[in-house]
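A.B. asks: The structure that follows is given in the form of structure tokens.
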Protein chains: 2
Amino acid sequence: MGHTYPGATVPFGSIQLSPETDTLSYVKDGKYNPDVYKYCAGYQYSDKTIVGFSHTHFSGTGHSDLGDFLIMPTTGKLQLNPGTADNPESGYRSAFSHKNEVAEANYYKVKLDDDNIIAELTTSPRVGFHQYTFPASDQAHIILDLISGIYNYPDKDVWTFVRVVNDTLVTGYRQTSGWARTRTVYFAMTFSKPFISYGDENYDAKQVYKGFWGKWDQTKNFPALADRKIRMYFNFKTQEGEKIKIKFALSPVSQENALNNLRSEIPHWDFDKVKKDGQQQWNKELSKIEVTTLNEGDKVSFYTAMYHAFINPTIYMDLNREYKGIDQNIHKAENFTNYTTFSLWDTHRALHPLFNILQPDRNTDMVSSMLAHYDQSALKMLPIWSTYANETWCMSGYHSVSVIADAIIKGVYTGNAEAALDACVTTAKHRSYEGIGEYMDKGFVSSDSNRNSVSNTLEYAYDDWCIAQLAKKLNKTDIYNEFIKRSENWKNVYDPKIGFMRPRLGNGSFRKDFDVLTTNGQGFIEGNAWNYSLYVPHNPEELISLMGGKKKFEVRLDSLFTMHLPDKFFAETEDITREGIIGNYVHGNEPAHHAAYLYDYTDAPWKTQYWVRYILNKMYKPTSDGLGGNDDCGQMSAWYIFSELGFYPVAPGSLNYELGSPGIVSAKMNLENGKTFTVNTKNQGEKNVYVQKVLLNGKQLNRNYITHSEIMNGGTLEFYMSAQPPKK
Amino acid sequence: MGHTYPGATVPFGSIQLSPETDTLSYVKDGKYNPDVYKYCAGYQYSDKTIVGFSHTHFSGTGHSDLGDFLIMPTTGKLQLNPGTADNPESGYRSAFSHKNEVAEANYYKVKLDDDNIIAELTTSPRVGFHQYTFPASDQAHIILDLISGIYNYPDKDVWTFVRVVNDTLVTGYRQTSGWARTRTVYFAMTFSKPFISYGDENYDAKQVYKGFWGKWDQTKNFPALADRKIRMYFNFKTQEGEKIKIKFALSPVSQENALNNLRSEIPHWDFDKVKKDGQQQWNKELSKIEVTTLNEGDKVSFYTAMYHAFINPTIYMDLNREYKGIDQNIHKAENFTNYTTFSLWDTHRALHPLFNILQPDRNTDMVSSMLAHYDQSALKMLPIWSTYANETWCMSGYHSVSVIADAIIKGVYTGNAEAALDACVTTAKHRSYEGIGEYMDKGFVSSDSNRNSVSNTLEYAYDDWCIAQLAKKLNKTDIYNEFIKRSENWKNVYDPKIGFMRPRLGNGSFRKDFDVLTTNGQGFIEGNAWNYSLYVPHNPEELISLMGGKKKFEVRLDSLFTMHLPDKFFAETEDITREGIIGNYVHGNEPAHHAAYLYDYTDAPWKTQYWVRYILNKMYKPTSDGLGGNDDCGQMSAWYIFSELGFYPVAPGSLNYELGSPGIVSAKMNLENGKTFTVNTKNQGEKNVYVQKVLLNGKQLNRNYITHSEIMNGGTLEFYMSAQPPKK
């Protein structure tokens, strides 16, 4: 349920070339098909068949789209339908075994059992490179399924256009309306060997007007196709062991740009070179932290987390720097690299803070991308959950402001900070969005008017604090005063009578019908009142005080981590599996990701150490079912990396990182500024989860946190570990 | 049934801003709706209501599309449905009277009776300019119907995207699949006065996935719309007599280009200036021939024909020279102006030859546009019937080659003639198109394999002769020999036993089941065997010889023009009205457009004179029902202009024009090369249709034709008219 994919990609690459083990429709019998959820990234380890290999995948989302341009090699009788998992021979899909599967960074290999074909995949940033080793066959086929996709809605296919330029080159585009409402992906596809013939079938039941097109047989060797639902095939003859290679480039802008991407990024047919180039890029990125660990499993987990953290957001720009904006216009990214897929509700917490340390150049470009989105948005809104020149409006809050404020406050983004502040303020004052007007008027979003009223109120309050911090840095006192006041709005949804955050009605009274364990329909999203009541990352001290002081708060956290939840909780709560929960603490979703670190604000910081190590061990394993929930575009992995290193950004926008308990033996962080920051442990062990003392550059720390500049200036952080809680 | 429109356009303008008097669906009760045919250009004179004003219209086609971006001003209760013709108050449409209607070149005005609004329209090449004079109203609306269109198929709407940039500016695009299969039109729309509020309704029954979009009320003041079927409205308050003006620009490329077109072409709000500028352009074009006529009606008919001849093809290129190609890529027309809407089966006959005399610069650009189409075509085919970056494959033959050969042979197109010849040859050898392979192998297209086998064989033979003439000019002997041989293939479908062109089966035998009067299902398109049997424009001499010699041929032509047709003929034949027929001669369709001139090849050229004048009078009248058939993008009008001048290009590709009988009293042609060619008549009169002698530059002509260079060198052609046939 990590919803990651095993296929090939380079760091932050535009192409994610990976197998689909099923391609279900989003709708079954007229309703949402719950089985589709498993296929957010196209791949489920328990499946026995592979449908084909497509070029775009989200990593770790809980909702989905993409899966563009599915390719499948087959031999024998031509079959253009995918067939069923139970009977793969009924279609072009094939059975496979994990024993014949290899997944490396930027490389995937599998044997397709039905036709005894070896499939290998690798990529450059904008080009997918397929290598299929065929048996001898007079009827070898490459299927190009232009309908197949992830989360297929019945009318998802908007338009498809294909040009067969010559016997090795095909270009075109695919236009869909799914999670991304208005989306076009252009492609250019080239074969290492000329096809003998080709054809297609049109699966649109309500076909468009044909007129004089009936003059042509468009099903065979017809190079100018356009309709809603098209599948194509290309025919070859193969020798035993012959390799047919395909380079498949994408562009958000045009067929020509796709072709230029193709020819410029991979001007040759050397599969191994492309694989190696990508792996070198991965080695460069992954070696930004060099760790020693207690065991090999921990090392695998660590670099798996690094890998997953460096997949999203993805580059969304052609080699000539052109990209499509949310205004559906073509723009040129003159001074930055444009990125897309901002799962900000998730990633503002730890992933972008991690980028501020390890990927400051990229995070600067991501901030630039978010600001370009704002400039191009008819609504004048920063991204909420944006992807492929679209806004999905997914989840609560307006967390772009956290990412932007954090990057500016930490000195990472050095562009026009005043323009950035303007964008944050305008977004935060968009009265017609998600109860913001009411929030501005009353200090809270009411549950009469908004489904996620408490989540929104709490998250707006945190985001407003970020805006205040940014305003302070820019000496904008008025804005600081306005937003620091708004940042206290979390108090307006706290019900001191029950000690929980609680939905309020428009008339100000707390909602009567309320269950602190339930999420849905109560004003929360992906977290119940137990989890969300802790969500004041910018002011834990006051939260603790309101909740009765440090001791009471410590006990409350203890309960969170240890209570037993009734079964109905799992049935009712979306996007949660039992594996993602510890007690009532939901690690598989994000709202309480900082919770374990809150013990640092009580008199029992050793409990932070205990629970952080517990979560690290329980929720991240070097196995095929190793993640305790959707990776959420790298947020889960970023939590892991920080926590393994021994510190965590409880409130991005602050310069502080709360200390926890490192899981690694040692870690050397190679920073872009040329400096290194090293985390060392003494007496590290699986049971030695408690920290007796911490030295920063040889001097003992008398605080629970380190600061951003202490990391970025380079140095050494040394944790002395013990099996005994220090209890102080 | 002329299928012309009364609205505003400049010569060859991209915008045709004109009222729709109805907008029927192409499908009724699951079948083709025959009523839709009347609305090819959106307007029927007998209708009593106007639905609105849209920006794109074909002029005189027999099949249709377009009608993009329908605008309608209303007051009072908002109505977003068009309503019915019987009860216009049931929707946004309005009753109107012709007495309140004014149609001038580049100007249209009408009073909308329902709400007492005066509508005025004018244009620049890429911008439609609306001016609506309202009564006092607190509820004045401008409707923007993004669904409305001409020839609406049930699934014609592919996608619509709208951005409300501010309270006077809206941009977006509309994507359709109709006669043009893959078509997107971008727009930018600006109001002279800010709207107070706006909204929309979504008419897609099967709406696309909405996800988190439910957070927004997208029906009111929501600036980022996208879906399949959208109608919008904009609200104003108006004073009595207040004018709300709208500038509406189109682009084939992007919203930005549309906005640039808008701002660059009309940077002001002076409606009268735009109207006047366009009328000056029309005066310039129309005064390329200055005529005196026997009466005012003839003058109106003549300049009406000039007007209709100078509408199509239309400019298809933004001000920055960008356009969309048939490959759906964006191209820049560096050295030419790109044109679209090539109704070549019609227009190769007389319209493009007319352009070679009156519009050589534009015709050069049209040839360049056709060659660019070829270069960008995946099929490597010159246009057949192309429009808006699409090929419709409408009608028979490959008549681009006639236009190209004619323009090169006449010295008009001076680009790369060898590349042009290559394109012609490649198109003519595309074996899988419309029986070309069989035609190359057997010398004819068989009726087993092709519905329009005889039409295609005859038209290919003529087109092949054009290629041969072009090859001869370029000294390509091999190509000349090959194609001059192919140009004789018309003989292969001539059945000497019955003296008619007749479909042949694949085995070579003539089809038994055959009726010389019927068109449909017999191997002909838009012309029966009587008409098509004359279609050997490049070799009338040999046709006449095969048909038994001059006298027999003369009698045959007499029969054609005078025979009485049974009623069933009209019921069975498409695209024909009784008004378009003289005897069995179908002037409303094109295949026999040269027929009246064929008497010139017999001993009775005075019958050419008689019938040409007869057709001029019968088929062209200065009234609302003045055209004897669809104007066919200017071909009918070009026939009129040539024939009024006294000569006609029987075989484009030849340098000769056959002489007929001029209808004008005198005509001065102002040529682009600065020279003038004048046609004068002596003793002209309505009954003086016969030509006694002809002087060219004062010297009597001893032939039935004049040559292209005689015209282009300037000079005077003088016809001596008489009421008595010269009979020699």
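The values are calculated or read from the model by the stated rules, or taken from the named source; none is laboratory data. What you are looking at is a predicted structure, and each value in this text was computed from that prediction instead of being measured. No Cβ is skipped: glycine too gets one built from the backbone with ideal geometry, and neighbour counts run over all protein chains shown. Heavy atoms of the whole protein, side chains included, go into the accessibility calculation; ligands, DNA and RNA do not. Shrake-Rupley method; radii C 1.70, N 1.55, O 1.52, S 1.80 Å.
A.B. asks: Per residue of A:426-433, count partner chain C-beta atoms within 10 Å of its C-beta, then hand back the mean as an integer. Mind dumping the intermediate values first?
C.D. replies: Working: counts 0, 0, 0, 0, 0, 0, 6, 2.
Mean inter-chain Cβ contacts per residue within 10 Å come to 1.
A.B. asks: Then there's this: Quick check: net charge around B:Asp318, other residues with Cβ under 11 Å of its Cβ, Lys/Arg +1 and Asp/Glu -1?
C.D. replies: Taking every Cβ under 11 Å from that of B:Asp318, the sum is +1.
A.B. asks: Kindly give the distances from A:Glu104 to its copy-mates, label point to label point, with each label point 7 Å from Cα along Cα→Cβ, as nm values to one decimal ordered shortest first.
C.D. replies: Label-point distances to the other copies, shortest first: 7.8 nm.
A.B. asks: Sticking with this structure for a sec: Evaluate the Kirkwood expression for the hydrodynamic radius of region B:62-214, namely the inverse of the mean inverse distance over all pairs of different C-alpha atoms, and round to one decimal in Å. Please list the in-between numbers first.
C.D. replies: Numbers: mean 1/r = 0.0578 Å⁻¹.
About 17.3 Å, per the Kirkwood formula over Cα pairs.
A.B. asks: Find the centroid of the Cα atoms in region B:382-452 and in region B:166-233, then give the distance between the two in whole Å.
C.D. replies: About 40 Å separates the Cα centre of region B:382-452 from the one of region B:166-233.
A.B. asks: While we're looking at this one, here's another question. Hey, got the Cα dimensions of region B:236-340 along the principal axes, in Å, largest first?
C.D. replies: Result, largest extent first: 51, 48, 18 Å.
A.B. asks: Still on this model: Quick one: label points 7 angstrom along Cα→Cβ at A:Lys220, distances to the other copies in nm, smallest first?
C.D. replies: Relative to the other copies, A:Lys220 has label-point distances of 6.0 nm.
A.B. asks: If you place +1 on the Cβ of every Lys and Arg, -1 on the Cβ of every Asp and Glu, and leave all else neutral, what size is the dipole of region A:45-172 about its Cα centre, to the nearest 20 Debye? Write down the numbers at each step before the final one.
C.D. replies: Values: 9 positive and 16 negative charges, 38 e Å.
Approximately 180 debye in magnitude.
A.B. asks: What is the sum of charges around B:Phe248, taking Lys and Arg as +1, Asp and Glu as -1, for the other residues whose C-beta is under 11 Å from the C-beta of B:Phe248? All intermediate terms of the calculation are to be shown ahead of the outcome.
C.D. replies: Numbers: positive: B:Arg126, B:Lys245, B:Lys247; negative: B:Asp68.
So the surrounding residues net to +2.
A.B. asks: Scan region A:199-276 for GluC sites (Glu not before Pro) in coil per DSSP, keeping those whose Cβ has at most 12 other Cβ atoms within 10 Å, and list them by number.
C.D. replies: On the way: sites: A:Glu201, A:Glu240, A:Glu242, A:Glu256, A:Glu265; in loops: A:Glu240, A:Glu242.
Sparse-neighbourhood loop GluC sites (Glu not before Pro): A:Glu240.
A.B. asks: What average number of partner chain Cβ atoms lie no more than 10 Å from the Cβ of the residues making up A:175-182?
C.D. replies: Working: counts 3, 2, 7, 3, 3, 2, 11, 9.
The shielding value for this peptide is 5.
A.B. asks: For region A:159-206, evaluate the Debye formula with one uniform point scatterer on each Cα (no solvent term) and list log10 I(q)/I(0) at q = 0.14, 0.15, 0.21, 0.24 Å⁻¹, rounded to two decimals.
C.D. replies: Evaluating at q = 0.14, 0.15, 0.21, 0.24 Å⁻¹ gives log10 I(q)/I(0) of -0.46, -0.52, -0.84, -0.95.
A.B. asks: Threshold 50 Å², probe 1.4 Å: give the residues of region B:140-156, in number order, that are less accessible with all protein chains present than with their chain alone.
C.D. replies: At a threshold of 50 Å² (probe 1.4 Å), the residues of region B:140-156 that become less exposed are B:Asp155.
A.B. asks: Mind checking the per residue accessible area of the protein assembly as shown for me, 1.4 Å probe, whole number of Å²?
C.D. replies: I get 32 Å² per residue for this part.
A.B. asks: Could you let me know the centre-to-centre spacing of region A:9-64 and region B:100-157, using Cα atoms, in angstrom?
C.D. replies: Centre-to-centre (Cα) distance: 48 Å.
A.B. asks: Summing Lys, Arg as +1 and Asp, Glu as -1, what charge do residues with Cβ under 9 Å from the Cβ of B:Tyr388 carry, B:Tyr388 excluded?
C.D. replies: Working: positive: B:Arg183, B:Lys324; negative: B:Asp65.
Once all neighbours under 9 Å are counted, the net charge is +1.
A.B. asks: Sticking with this one: Got the relative contact order for chain A handy, in percent, Cα pairs under 8 Å and 6 or more residues apart?
C.D. replies: Values: 1753 pairs, mean separation 80.8, N = 728.
Computed over chain A, the figure is 11 percent.
A.B. asks: OK, next. Per DSSP H run of at least 4 residues, take -39500 (n - 2.57); add these up for chain B, divide by its residues and hand me the 222 nm value, nearest 500 deg cm²/dmol.
C.D. replies: On the way: 18 runs with 190 residues, N = 728.
Only helices count here, giving -8000 deg cm²/dmol.
A.B. asks: Go from 0 up to the bin containing the longest alpha carbon distance in region B:595-728, width 5 Å each, and give me the % of pairs per bin.
C.D. replies: 2, 10, 20, 24, 21, 14, 7, 1, 0
A.B. asks: Quote the FRET efficiency, to the nearest 0.05, computed for A:Lys687 versus A:Glu101 with a Förster distance R0 of 41 Å and r equal to the Cβ-Cβ distance.
C.D. replies: Details: r = 35 Å, r/R0 = 0.86.
The pair A:Lys687/A:Glu101 has a calculated efficiency of 0.70.
A.B. asks: Can you give me the Cα centroid spacing of region A:591-653 and region B:503-550 in angstrom?
C.D. replies: 86 Å
A.B. asks: While we're looking at this one, here's another question. Once the label point is set 7 Å along the Cα-to-beta-carbon vector, what list of distances in nm do you get between B:Lys237 and its counterparts in the other copies?
C.D. replies: For B:Lys237, the inter-copy label distances come out at 8.2 nm.
A.B. asks: Find the sum over both chains of the accessible area lost when B and A are paired, probe 1.4 Å, and report it in Å² to the nearest 100. Display every interim value, and only then the final one.
C.D. replies: On the way: alone 26000 and 26020 Å², together 47160 Å².
So the buried area, both faces added, is about 4900 Å².
A.B. asks: Moving on to the next point. Need one value for B:209-220: mean number of C-beta atoms belonging to other chains within 10 Å of its residues' C-beta atoms.
C.D. replies: Numbers: counts 14, 2, 10, 11, 4, 2, 11, 5, 1, 0, 0, 1.
Counting Cβ atoms of other protein chains within 10 Å of each residue's Cβ and averaging gives 5.
A.B. asks: Then there is this: If N is the number of residues in chain B, what value comes out of its Cα radius of gyration divided by 2.2 N^0.38 Å? Numbers along the way, then the final one.
C.D. replies: Details: Rg = 26.1 Å, N = 728, 2.2 N^0.38 = 26.9 Å.
Scaled against compact globular proteins, the figure is 0.97.
A.B. asks: Could you state the angle between the C-alpha long axis of helix B:271-286 and the longest principal axis of the C-alpha atoms of chain B, as a value from 0 to 90 degrees rounded to the nearest 10?
C.D. replies: It is inclined by approximately 0 degrees.
A.B. asks: Another question about this same structure. If I fit a long axis through the Cα atoms of helix A:400-409 and take the longest principal axis of the Cα atoms of chain A, what angle between them do I get, 0 to 90°, rounded to 10?
C.D. replies: Helix A:400-409 sits at roughly 70 degrees to that axis.
A.B. asks: Using a Debye calculation, one point per C-alpha and no hydration shell, please list log10 I(q)/I(0) for the protein assembly as shown at q = 0.04, 0.05, 0.07, 0.08 Å⁻¹ in order.
C.D. replies: -0.31, -0.47, -0.83, -1.01
A.B. asks: Follow-up question, since we're still on this one. Residue separation times 0.36 nm, minus the C-alpha to C-alpha distance between A:Lys668 and A:Lys473: what's the value? Could you put the intermediate results ahead of the total?
C.D. replies: Numbers: separation 195, 0.36 × 195 = 70.20 nm, distance 3.08 nm.
Contour length minus Cα-Cα distance gives 67.1 nm.
A.B. asks: Using a 1.4 Å probe on the protein chains only, how many percent of the accessible area of chain A belongs to carbon and sulfur? If you can, show how the numbers build up before the last one.
C.D. replies: Details: 11220 of 23580 Å².
Of all accessible area on chain A, carbon and sulfur atoms account for 48 percent.
A.B. asks: Using only the Cα atoms of region A:401-517, what do you get for the radius of gyration and for Dmax, in Å?
C.D. replies: Cα only, region A:401-517: 15.3, 48 Å (Rg, Dmax).
A.B. asks: Now for a separate question. Could you name every residue in region B:249-288 that has 10 Å² or more less accessible surface in the full protein assembly than in its own chain alone (probe 1.4 Å, ligands and nucleic acids excluded)?
C.D. replies: Residues meeting the cut-off: B:Gln255, B:Glu256.
A.B. asks: While we're here: Quickly work out the B:Ser509-to-A:Glu201 label distance, labels modelled 7 Å from Cα along the C-beta direction, and quote it in nm with one decimal.
C.D. replies: About 3.9 nm separates the two model spin labels.
A.B. asks: Work out the length of the dipole vector of chain B about its Cα centre, built from +1 on the beta-carbon of each Lys and Arg and -1 on the beta-carbon of each Asp and Glu, and round it to the nearest 20 debye. It would help to have the intermediate numbers written out before the result.
C.D. replies: Numbers: 75 positive and 83 negative charges, 198 e Å.
Charge dipole of chain B: 960 debye, to the nearest 20.
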